[in-house]
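The block underneath contains the structure these notes are about, expressed in structure tokens.
The values are calculated or read from the model by the stated rules, or taken from the named source; none is laboratory data. What you are looking at is a predicted structure, and each value in this text was computed from that prediction instead of being measured. Because the Cβ atoms are built from the backbone with ideal geometry, glycine has one as well, and the counts that use them run over all protein chains shown.
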Amino acid sequence: MIVSTISRQSRSDFKSGLFCAVFATFLIATPAVSASSSTDLHTKKQQAQHHSRKSDAAHQQRVRQIQHQAQRASLQQEAEASPSYAKRADVMAAAQEMAQRLKLDMQWVQATVGQARKMDSIARAVLPPSSGMNKNWALYRSRFIEPIRIAAGVKFWRTNQATLERAERDTGVPASIIVGIIGVETIYGQNTGNYRIIDALTTLAFDFPKEHPRAESRARYFRSELESYLQLTARTGTNPLALRGSYAGAMGMPQFMPSSWTQYAVDFDGDGRVDLFANPADVIGSVANYFVAFKWKPGVPTHFAIDPDRNNPNAMATLLQPDIVPTFSAPTMANLGVKLDTAGQQYKGPLALIELQNGDQAPSYVAGTENFYAITRYNWSSYYAMAVIELGQAIANAMQQTQQAALP
Ligand SMILES: [Ca+2]
């Protein structure tokens with residue numbers, strides 16, 4: 001999460017052929033909902049559907065376990081064949097400087113960083129994707145808004161309903177947004193990443209691929225994340241060699257980077273410690289707190305449906321110029337040829353024209369509010385923000401449907 005580089009966590013799933021094949025199978029295997037006038041037949045169909053979803057979910061979990069074990073084994077193999085940083089004089093000198101500046105035990109810092117491995121798979125993963133798949137909203141959407149992830153979201157929401165309500169009451173961040181984030185990031189903890197955090201952060205801090213367009217600033221960023229990680233593990237008495245996460249060093253169910261963990265994570269169940277790996281209450285409270293820090297506006301919608309004037313290139317260029325930063329009032333948008341829905345017309349705050357490309361097909365558009373922008377602070381992508389919103393909404397709808405079906 002949290003910065004453009006980390007967004008590849010979701011994009012890398014997206015790129016993976018294996019993931020595509022697995023998800024495609026489940027999409028096909030899940031029966032379509034069909035309307036029936038007979039309540040009895042409807043109930044039977046729902047039961048069959050429920051059963052089928054349950055066995056799909058079990059199958060999916062098994063597939064995920066196998067993938068997980070395979071990736072863990074292959075990373076282990078790669079690590080064993082990769083050089084450790086103990087023999088890199090420049091890195092050991094940097095570790096010494098870090099320890100002095102951060103007032104950490106020098107031997108501990110050098111031993112920790114020295115045991116990190118330079119992993120080529122990590123360096124490769126941060127390079128921009130070669131295909132243009134992340135510019136295809138329809139395809140991107142289908143990866144996240146799908147029956148298995150929705151079912152997992154319903155389960156998570158039900159299990160943690162009271163905590164989600166408390167977070168929403170305390171912060172104004174809707175439960176559907178929190179549930180959407182955790183679903184898109186890790187499918188509610190099913191996919192938190194297999195890379196050793198110390199390998200990820202050390203490799204990207206000292207061997208960030210030079211061919212990347214922003215290699216220097218990214219390397220600086222990861223060096224600072226490595227420092228946060230060392231401080232965090234030292235302060236909490238955690239073994240820095242034990243934690244695993246994304247290839248960019250994002251951790252736990254919400255995929256927090258070390259600096260975000262330090263700044264925004266909260267102990268939301270009051271047990272005296274912050275656990276974003278296995279404690280859903282802390283995860284929920286921390287995601288909500290992150291959005292409070294990035295100026296979530298309680299009660300403000302995330303976006304409005306619109307129909308822009310695609311035949312007016314000058315107006316479109318003006319509207320797209322500020323990108324996702326909310327800039328235009330509703331009347332200004334209307335003057336530039338955008339038809340807003342009724343709620344959008346009455347909205348008083350600033351709006352952004354959000355363009356979501358669909359490959360060869362026409363792009364999709366919405367008007368994003370400051371809350372849409374806030375979601376992009378978690379991961380700098382409007383595709384990501386829209387997926388979070390729509391997954392949360394799909395899960396909320398599924399909850400309502402099942403509640404109605406359960407009525408006598
Ligand atoms: Ca806690």
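Structure summary
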{"read-out": "Lone unmet requirement of (1) in a helix (DSSP H, G or I); (2) out of contact with any Phe, Trp or Tyr (no Cβ under 8 Å at 6 or more places or on another chain); (3) in contact (Cβ under 8 Å) with a residue 40 or more places away in the chain for residue 403", "value": "(3)"}
{"read-out": "Selection within segment 228-261 - more than 16 Å from the ligand (Cβ to nearest atom) and of a type in the set (Phe, Trp, Tyr)", "value": "229, 247"}
{"read-out": "Cβ pairs under 7 Å, 6+ apart, first in segment 252-281 and closer than 24 Å to residue 224 by Cβ, second near the ligand (Cβ under 7 Å from one of its atoms) and of a type outside the set (Asp, Glu)", "value": "265/274; 266/274"}
{"read-out": "Hits in segment 181-217 (condition: within 29 Å of residue 389 (Cα to Cα), in contact with a Pro (Cβ under 9 Å, 6 or more places away or on another chain) and part of a helix (DSSP H, G or I))", "value": "181, 182, 185, 186, 197"}
{"read-out": "Index of the failed condition, residue 168 passing every other in (1) without any contact (Cβ under 8 Å) to a residue 24 or more places away in the chain; (2) out of contact with any strand residue (DSSP E or B) (no Cβ under 9 Å at 6 or more places or on another chain); (3) of a type in the set (Asp, Glu)", "value": "(1)"}
{"read-out": "Yes/no for residue 220 being of a type in the set (Lys, Arg), more than 16 Å from the ligand (Cβ to nearest atom) and assigned to a helix (DSSP H, G or I)", "value": "yes"}
{"read-out": "Residue match in segment 295-313 (condition: of a type outside the set (A, V, I, L, M, F, W, C), part of a helix (DSSP H, G or I) and touching a helix residue (DSSP H, G or I) at 6+ places or on another chain (Cβ under 9 Å))", "value": "no"}
{"read-out": "Selected residue [on the phi > 0 side of the Ramachandran plot, touching a helix residue (DSSP H, G or I) at 6+ places or on another chain (Cβ under 6 Å) and surrounded by 18 or more Cβ atoms within 10 Å (Cβ to Cβ)] from 178, 187", "value": "187"}
{"read-out": "Criterion violated by residue 209 - all others in (1) in contact with a helix residue (DSSP H, G or I) (Cβ under 6 Å, 6 or more places away or on another chain); (2) crowded, with 18+ Cβ neighbours inside 10 Å satisfied", "value": "(2)"}
{"read-out": "Single residue of segment 380-405 satisfying the filter (of a type outside the set (A, V, I, L, M, F, W, C) and at pLDDT 95 or above) that is farthest from residue 142 (Cα to Cα)", "value": "397"}
{"read-out": "Segment 233-251: number of residues that are among the hydrophobic types (A, V, I, L, M, F, W, C) and more than 18 Å from residue 115 (Cα to Cα)", "value": "2"}
{"read-out": "Scope segment 354-400; condition within 29 Å of residue 257 (Cα to Cα), in contact (Cβ under 8 Å) with a residue 40 or more places away in the chain and in contact with a Leu (Cβ under 8 Å, 6 or more places away or on another chain); matching residues", "value": "368, 369, 382, 383, 386"}
{"read-out": "Options 391, 407: the member that is more than 19 Å from residue 327 (Cβ to Cβ), surrounded by fewer than 17 Cβ atoms within 10 Å (Cβ to Cβ) and among the hydrophobic types (A, V, I, L, M, F, W, C)", "value": "407"}
{"read-out": "All positions within segment 262-320 that are more than 16 Å from the ligand (Cβ to nearest atom) and among the small types (Gly, Ala, Ser)", "value": "293, 299, 305, 315, 317"}
